[in-house]
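The values are calculated or read from the model by the stated rules, or taken from the named source; none is laboratory data. Keep in mind it's a predicted model, so treat the numbers as computed, not measured. With ideal geometry, Cβ positions are generated from the backbone for all residues, glycine too; neighbour counts draw on all protein chains shown. Just the protein is used for accessible areas: all its heavy atoms, side chains included, with ligands, DNA and RNA removed. Shrake-Rupley method; radii C 1.70, N 1.55, O 1.52, S 1.80 Å.
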Amino acid sequence: EDLDKGLEKTKTGFFDKLNRAVAGKDTVDEEVLDELENVLITSDVGLETTVKIIERIEARVATDKYVNTTELNQILRQEIVNLLAEQNDVDYEDYVLPPVEGGGPAVILVVGVNGVGKTTTIGKIAHQYQQKGHRVVLGAADTFRAAAVDQLKIWSERVGCDFYAKGMYTDPAAVAYETTKYAIDNHCDVAIIDTAGRLHTKFNLMKELSKIKRSITKALPAAPHQVLLVLDATTGQNAIEQARAFTEATDVNALALTKLDGTAKGGVAIGITDQFQVPIRYIGVGEGINHLQVFNKKAFVDSLFG
Ligand code: GDP
């Protein structure tokens, strides 16, 4: 229900355009395909992924000559599910901890630029894990902004979980290390570590994140178990550029797309997971503590197509 509401704007935008593209047409010809391409691009699916989808539909239309515009809808839906399935092979029905090899707490490193909803997403995930009876600690490794540390602390109090921070301007890698140690010593099930979203240069970003990752691994060999990149869906093409920078800088293996409720750019989810080959784990559909959903490709496409 939240998902339907969250994707309402994307859906309306998408279908208005799609309906206009196929109006008065009874077969899928070149013109319809061109229009469909426009619809996908203006829905922020991204050029590469759009081309891929159009080629697949073209192939279907070529083998099955009598495809009409109603069937086009079905084909498009199926092709989007197929495409999403390539990166999102497992559909989680619920919040599960990342698998931990060799025991110890699961360590989740959260990356992304400021303002995308990183802190809120961490709070929402912590809440869900706590609800399941897991012991959670949040680590404030964004030591560059006092507000970031304060906000994270407020979330830990709201959620009722543990919190680890050092002073401002302390080494983020040290905080990450100590948070992991804290999680081990205090028998936490999961440590979620916030980082600064400073996208100064790709080289510096890479250096900063590598250092943080190495210090976590020093505290616990198989960690971090998940590197979660948070992206703001309302920023469309900017989100794609951030995905590019962060996936090049570090091994991102999970995505959270926030603010889908405020945007018609939900199509960006399809493009990002396809282009950067990272599964979407969460989608944010509001500011409330429960407004984060575990990504499920079928539910997502169902909501998109109504
Ligand atoms: P950070 O700087 O990346 O840590 O961003 P914050 O977590 O502080 O979030 C920035 C703003 O985005 C806050 O006002 C949040 O309430 C809001 N926000 C975060 N996620 C969502 C979402 O899924 N939907 C909506 N509508 N707002 C969100």
In this structure, the FRET efficiency calculated for Tyr92 and Lys218 from their beta-carbon separation, with R0 = 51 Å, to the nearest 0.05, is 0.95
Descending packing, highest mean Cβ count within 10 Å first, for 162-171, 95-104, 213-222 is 213-222, 162-171, 95-104
Share (percent) of C-alpha pair distances in the stretch 126-245 greater than 19 Å works out to 50
Expressed in nanometres to one decimal, the distance between label points 7 Å along Cα→Cβ at Thr63 and Val100 is 4.6
With only helices counted (DSSP H, runs n ≥ 4, each -39500 (n - 2.57)), the per-residue ellipticity at 222 nm for the chain, to the nearest 500, works out to -16500 deg cm²/dmol
Packing-ranked peptide list from 55-63, 270-278, highest mean Cβ count within 10 angstrom first, is 270-278, 55-63
Share (percent) of C-alpha pair distances in the chain greater than 31 Å works out to 32
Two pseudo-spin positions, 7 Å from Cα along C-beta at Ile154 and at Ile289, lie apart in nanometres by 1.4
Across Val268, Val136, Val28, the residue with the highest GNM fluctuation in the chain (Cα network, 10 Å cutoff) is Val28
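Which of the residue pairs Lys11/Lys153; Lys5/Lys202; Lys124/Lys298; Lys211/Lys265; Lys11/Lys207 have a Cα-Cα distance greater than 31 Å in the structure shown?
Lys11/Lys153; Lys5/Lys202; Lys211/Lys265; Lys11/Lys207
Using a Förster distance of 45 angstrom, determine the FRET efficiency expected from the C-beta separation of Ala147 and Lys5, and round it to 0.05.
Working from the Cβ atoms, E equals 0.95.
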Of every hundred units of 1.4 Å-probe accessible area on the chain, the number belonging to carbon and sulfur atoms, as a percent, is 48
If every Lys and Arg gets +1 and every Asp and Glu gets -1 at its Cβ, then about the Cα centre the stretch 141-269 yields a dipole, in debye to the nearest 20, of 360
Given backbone amide H placed at 1.01 Å from N, residues whose amide H is under 5 Å from that of Ala254, ignoring those fewer than 5 places away on the same chain, are Val227, Leu229
Computed for the chain: size of charge dipole around the Cα centre, +1 on C-beta of each Lys and Arg, -1 on C-beta of each Asp and Glu, debye to nearest 20, value 1200
In degrees rounded to 10, the 0-90 angle between helix 69-87 Cα long axis and the longest Cα principal axis of the chain is 30
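Are there chymotrypsin sites (Phe, Trp or Tyr not before Pro) in the stretch 1-89 that DSSP puts in a loop and that have at most 15 other Cβ atoms within 10 Å, and which ones?
Passing both the DSSP loop test and the Cβ count: Tyr66.
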Helix 237-249 sits off the longest principal axis of the Cα atoms of the chain, rounded to the nearest 10 on a 0 to 90 degree scale, by 50
Length gained, Lys298-Ala245, 0.36 nm per residue minus C-alpha separation, equals 16.2 nm
Quick calc, the stretch 216-294, dipole around Cα centre from Cβ unit charges on Lys, Arg (+) and Asp, Glu (-), nearest 20 debye, gives 120
Helix 172-185: inclination vs the chain longest Cα principal axis, degrees, rounded to 10, gives 80
Nearest-0.05 FRET efficiency for Asn186 and Glu48 at R0 = 45 Å, using Cβ-Cβ distance, is 0.50
